[in-house]
């Protein structure tokens, strides 16, 4: 089968495209013919070695996929069924940039009948699951709370805006000016340009009583300026910018009972992923969840897709047409 893989961790140029053996299903696996895959920031971390995880070389890259079952060792899935997954390509699980992938049963989910275009779900799956688990399973947003979602036009940020708004929270978002209309359509009550020099002053002005949850997906972690904007018992969620080393004002944190909580989808259990998948499928079927993508690369151009993700040259979700 054709696949995009690495023989060692490194730059995007280490990605090769060639033939690998087609996988055979284990006792609880399902073989999927992949139609589309997606590129996430974490995929570049795995490929480069910045995120330490078990990789069996040659290792097909990629976490997310949508495709069709061709062989199944379990009753829940049958040949011809449309399916998706968003947790391959790490922890020794072969990745999604391959014509065929053997997916463990607990990491595979059906595509709702109401979803005609599988690009919708593969573009949404990783960002939505990350946002759902960060905001609603490991934490909890309640109606009437005020939530800051930074980098709100990205895959994770846009899902976070939608989930927080659906939960009844007032969402304040940051984005570039060209994305204001899109972010408002997702449910943000206020959108502020994150390029503003007076950004923190502007954020304080629209939420004078403070933020109950603060999640900046742009990876800007200036605690000295964030902490005064939080409500008592507020929460800061960290899930971006692995290289950041911000100073934490300890006194201002504990005297106001502020929580600083890290989250990455890589630590999610099978049960966590299943709960996120059920919610995503329900919202997709109801037409209540939006997703978007900007560019679709071919599998032959997998290295270019990774380079585009790292450079930020593509504004929106990057997909890869596998077959």
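Values quoted throughout were computed directly from the atomic coordinates according to the rules given, and no laboratory measurement underlies them. Everything numeric in this text was worked out from a predicted model, so none of it was measured. Glycine also receives a Cβ, built like all others from the backbone with ideal geometry; neighbour counts cover every protein chain displayed.
Descriptive notes on the structure:
- Just so you know, the averaged projected area of the alpha carbon convex hull for the chain sits at 15.7 nm².
- For segment 103-187, the Stokes-Einstein estimate of translational diffusion at 20 °C and a viscosity of 1.002 mPa s comes to 156 µm²/s, using the Kirkwood hydrodynamic radius over alpha-carbon pairs.
- Nearest 10 degrees, 0 to 90: helix 302-311 Cα axis against the chain principal axis: 10
- Per-pair calculated FRET efficiency, R0 = 30 Å: residue 7 and residue 282 via Cβ, rounded to 0.05: 0.15
- Fraction of alpha-carbon pairs over 18 Å apart in segment 139-262 - percent: 48
- Using the average count of surrounding beta-carbon atoms within 10 Å as a protection proxy, the listed peptides 52-65, 155-168, 292-305 rank, highest first, as 155-168, 52-65, 292-305.
- Between the C-alpha center of segment 187-254 and that of segment 57-91 there is a gap of 37 Å.
- Relative frequency of Cα-Cα separations exceeding 11 Å in segment 10-49, percent: 77
- Largest GNM mean-square fluctuation among 125, 239, 85, using the chain with Cα springs under 10 Å: 239.
- By DSSP, the beta bridges lying fully in the chain are antiparallel in about 55 percent of cases.
- With contacts taken as Cα pairs under 8 Å and at least 6 residues apart, segment 139-262 reaches a relative contact order of 22 percent.
- Remark: segment 198-255 projects, on average over all directions, an area of 4.0 nm² (convex hull of Cα atoms).
- Mean projected area of the Cα convex hull of segment 246-285, taken over all directions, amounts to 4.8 nm².
- Across the chain, the relative contact order, built from alpha-carbon pairs under 8 Å that are at least six residues apart, equals 19 percent.
- For segment 197-323: Kirkwood Rh in Å [reciprocal of mean 1/r, alpha carbons]: 18.0
- Full-stretch length increase - residue 74, residue 53 - with 0.36 nm per residue and alpha-carbon distance subtracted: 4.8 nm
- Along principal axes, Cα extents of segment 30-90, largest first, whole Å: 37, 20, 17
- Relative contact order (percent, whole number), segment 1-155, Cα cutoff 8 Å, 6+ residue spacing: 24
- Between helix 155-166 and the chain: long-axis angle, C-alpha atoms, 0 to 90°, nearest 10: 60
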